[in-house]
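A.B. asks: Before anything else, here's the structure in question.
The values are calculated or read from the model by the stated rules, or taken from the named source; none is laboratory data. In this text the structure is predicted, and so the values were computed from the model without any measurement. A quick note on method: Cβ atoms are made from the backbone with ideal geometry, for glycine too, and the neighbour counts reach across all protein chains shown. Calculation scope for accessible area: heavy atoms of the full protein, side chains included, ligands and nucleic acids excluded. Shrake-Rupley method; radii C 1.70, N 1.55, O 1.52, S 1.80 Å.
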Amino acid sequence: PPPPSPPSRVSNPVLTLEEMRTLKNSDYKKNGESTFQSAVIDTTFPKSAGLQGMFEALDRICDEASDALQGDLGVSGSQAIVLSDRLAGPERMALPSLIAAGAVHQHLLSTKQRPKGAIFSEAGDIREVHDFATMFGFGCDGVCPYVAYEALAKMNSDGLVMAKAKQEFTDEHLFQAYRNSACKGLLKVMSKMGISTLQSYKGAQVFEAVGLAEEIVDRAFTGTTTRIQGTDFEALFTDLERFHDSAFANQIDGQTVLLENYGQFHYRDGKEAHMNTPESMVNLQIAARTNSRDAYKAFSKATNAQTSKVALRGQLKFRTDARQSVPLDEVEPASAIVKRFVTGAMSLGSISQEAHETLAKAMNRIGGRSNTGEGGEDPKRFGDERRSSIKQVASGR
């Protein structure tokens, strides 16, 4: 038989099913010796093993990755590690792909083996741009989001894509569009940090953890800042177990139980909290259209209550002590305070012309200052209250 072809280069870190299948079965030999081979490591563990089983799985995948790169007597090590949760099922739970990849990356750094091989992930829980960004930022070289592909294929076969787009698409076309979208989103995330290449972003850990305990950060994201602590491994396992049970729920009358919509993208009553709620939006619109002070008070009250559920600042409270009160005649008047108000530098185009001019009018009327942003402003605004006090012009424009 003809010798196998050498591994091909891929231009997209979001791998296709075919690329992952090829990668998992690669053993390229030249002159009878292996020059490239991969090792597939299972990232699942028995559900019955509980929290201890999760710890043992983390230790196992790190050891297996190290052994695979090291090789054996007379046998060269692998050049690629594939962390796969394909074996997840009713009796087996999967480690979170980000924690699995991060833990292996940190372990190989500690053993000084990281340059010896690449880390790939065949992950069922990776689907959004932020998922990909964190995976690559914490050391993964490529990801195959196979469940996302399966979801797209199912939507296509059920006619949901046709109903929305009013035209037919092949599964391959949808997969490619999804990959392109994920990569464009990733480029946008990287550009916010001034990074233009994946090589510079990969393993850079340009993140700050919000709501993660040090024990998780130390194990999988070593060196990452986590100021407020939060979820530890025990709480993480509780969430994993709950998600696993909902994913493999028993069938009712022969019908598969639908997965619950947690309202992460669209508001759902009683689900994921969002800053904007139907109640607050109704009151805001009424206040804007009728200039109703009561409606605005209802909006501000609802928004302040919602802030405590979705933002860190919502956990802060003012310390009040009547004994330390300041006489009103010693307090700076509001007319003097507002003179220090300054709007953000929002360019015309990033917000509408109406919004841009309204901000300028508001600041001029109270004695504050508005900023044109890098796009500047129309010269027609120089002579009236639409004029911005701060002129910002980008270099080269």
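A.B. asks: Which residue pairs have Cβ atoms under 7 Å apart, sit 6 or more places apart or on different chains, and have a first residue in the range 177-191 that is hydrophobic (A, V, I, L, M, F, W, C) and a second that is open to solvent by 40 Å² or more (accessible area, probe 1.4 Å) and assigned to a helix (DSSP H, G or I)?
C.D. replies: Filtered contacts from the range 177-191: 182/129; 186/129; 189/129.
A.B. asks: Now for a different question. Quick one: is residue 345 among the hydrophobic types (A, V, I, L, M, F, W, C) and farther than 30 Å from residue 274 by Cα?
C.D. replies: On the way: among the hydrophobic types (A, V, I, L, M, F, W, C): yes; farther than 30 Å from residue 274 by Cα: no.
So residue 345 does not fit the description; no.
A.B. asks: Please verify whether residue 65 is under 30 Å from residue 187 (Cβ atoms), in contact with a His (Cβ under 8 Å, 6 or more places away or on another chain), in a helix (DSSP H, G or I) and modelled with pLDDT of 95 or more, treating the condition exactly as stated.
C.D. replies: Yes.
A.B. asks: Look through 345, 295, 305, 334 and report the one residue that is within 31 Å of the chain's Cα centre (by Cα) and free of Cβ contacts under 8 Å to residues at least 24 places away in the same chain.
C.D. replies: Values: 345 fails: free of Cβ contacts under 8 Å to residues at least 24 places away in the same chain; 295 fails: within 31 Å of the chain's Cα centre (by Cα); 334 fails: within 31 Å of the chain's Cα centre (by Cα).
Only one candidate passes the filter, namely 305.
A.B. asks: Name the residues in the range 215-234 that are surrounded by 13 or more Cβ atoms within 10 Å (Cβ to Cβ), of a type outside the set (S, T, N, Q) and more than 17 Å from the chain's Cα centre (by Cα), would you?
C.D. replies: First, the residues of the range 215-234 that are surrounded by 13 or more Cβ atoms within 10 Å (Cβ to Cβ): 215-222, 224, 226, 229-233.
If we keep only those that are of a type outside the set (S, T, N, Q) as well, we get 215-221, 230, 232-233.
Passing the criteria: 215, 216, 218, 219, 230, 232, 233.
For every residue, the table says whether it meets (1) of a type outside the set (S, T, N, Q); (2) in contact (Cβ under 8 Å) with a residue 12 or more places away in the chain; (3) under 21 Å from residue 95 (Cβ atoms); (4) in contact with a strand residue (DSSP E or B) (Cβ under 6 Å, 6 or more places away or on another chain).
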| residue | (1), (2), (3), (4) |
| --- | --- |
| 131 | yes, yes, yes, no |
| 136 | yes, yes, yes, no |
| 140 | yes, yes, yes, yes |
| 161 | yes, yes, no, no |
| 166 | yes, no, no, no |
| 195 | yes, no, no, no |
| 206 | yes, yes, no, no |
| 215 | yes, yes, yes, no |
| 222 | no, yes, yes, no |
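A.B. asks: Can you tell me which of (1) closer than 23 Å to residue 208 by Cβ; (2) open to solvent by less than 80 Å² (accessible area, probe 1.4 Å) is the one residue 188 doesn't meet?
C.D. replies: Condition not satisfied by residue 188: (2).
A.B. asks: Out of all the residues in the range 65-80, which are touching a Lys or Arg at 6+ places or on another chain (Cβ under 7 Å) and not aliphatic (A, V, I, L, M)?
C.D. replies: 77
A.B. asks: Could you say which residue among 12, 31, 25 is closer than 21 Å to residue 140 by Cα and either modelled with pLDDT of 95 or more or out of contact with any helix residue (DSSP H, G or I) (no Cβ under 8 Å at 6 or more places or on another chain) (or both)? Even if it seems obvious, please write down each step before you answer.
C.D. replies: Values: 12 fails: either modelled with pLDDT of 95 or more or out of contact with any helix residue (DSSP H, G or I) (no Cβ under 8 Å at 6 or more places or on another chain) (or both); 31 fails: closer than 21 Å to residue 140 by Cα.
From the options 12, 31, 25, the qualifying one is 25.
A.B. asks: Please list, ordered by first then second residue, the pairs with beta carbon atoms under 7 Å, 6 or more apart or interchain, first in the range 50-77 and over 17 Å from residue 93 (Cα atoms), second open to solvent by 90 Å² or more (accessible area, probe 1.4 Å) and of a type outside the set (Phe, Trp, Tyr).
C.D. replies: Pairs that qualify, where the first residue is over 17 Å from residue 93 (Cα atoms) and the partner is open to solvent by 90 Å² or more (accessible area, probe 1.4 Å) and of a type outside the set (Phe, Trp, Tyr), are 69/116; 77/70; 77/116.
A.B. asks: Related question: State yes or no: is residue 172 among the acidic types (Asp, Glu), loosely packed, with under 14 Cβ neighbours inside 10 Å and within 16 Å of residue 15 (Cβ to Cβ)? Spell out how you get there, then give the answer.
C.D. replies: Numbers: among the acidic types (Asp, Glu): yes; loosely packed, with under 14 Cβ neighbours inside 10 Å: yes; within 16 Å of residue 15 (Cβ to Cβ): yes.
Judged against the criteria, residue 172 is a match.
A.B. asks: On to the next question. Looking at (1) among the small types (Gly, Ala, Ser); (2) closer than 20 Å to residue 15 by Cα; (3) part of a loop (DSSP other than H, G, I, E, B), which is the one condition that is false for residue 39?
C.D. replies: Residue 39 satisfies every listed condition except (3).
A.B. asks: Wholly within the range 282-377, which helices (runs of 4 or more DSSP H) include no fewer than the required count, namely at least 2 residues that are open to solvent by 100 Å² or more (accessible area, probe 1.4 Å)?
C.D. replies: Numbers: elements: 293-310, 334-337, 353-366.
Those helices (runs of 4 or more DSSP H) span 293-310, 353-366.
A.B. asks: Quick check on the range 77-85. Is at least one of its residues surrounded by fewer than 21 Cβ atoms within 10 Å (Cβ to Cβ) and under 26 Å from residue 234 (Cβ atoms)?
C.D. replies: At the first step, the residues of the range 77-85 found to be surrounded by fewer than 21 Cβ atoms within 10 Å (Cβ to Cβ) are 77, 79.
Imposing the further condition that a residue be under 26 Å from residue 234 (Cβ atoms) reduces the set to none.
No; the residues of the range 77-85 include none that is surrounded by fewer than 21 Cβ atoms within 10 Å (Cβ to Cβ) and under 26 Å from residue 234 (Cβ atoms).
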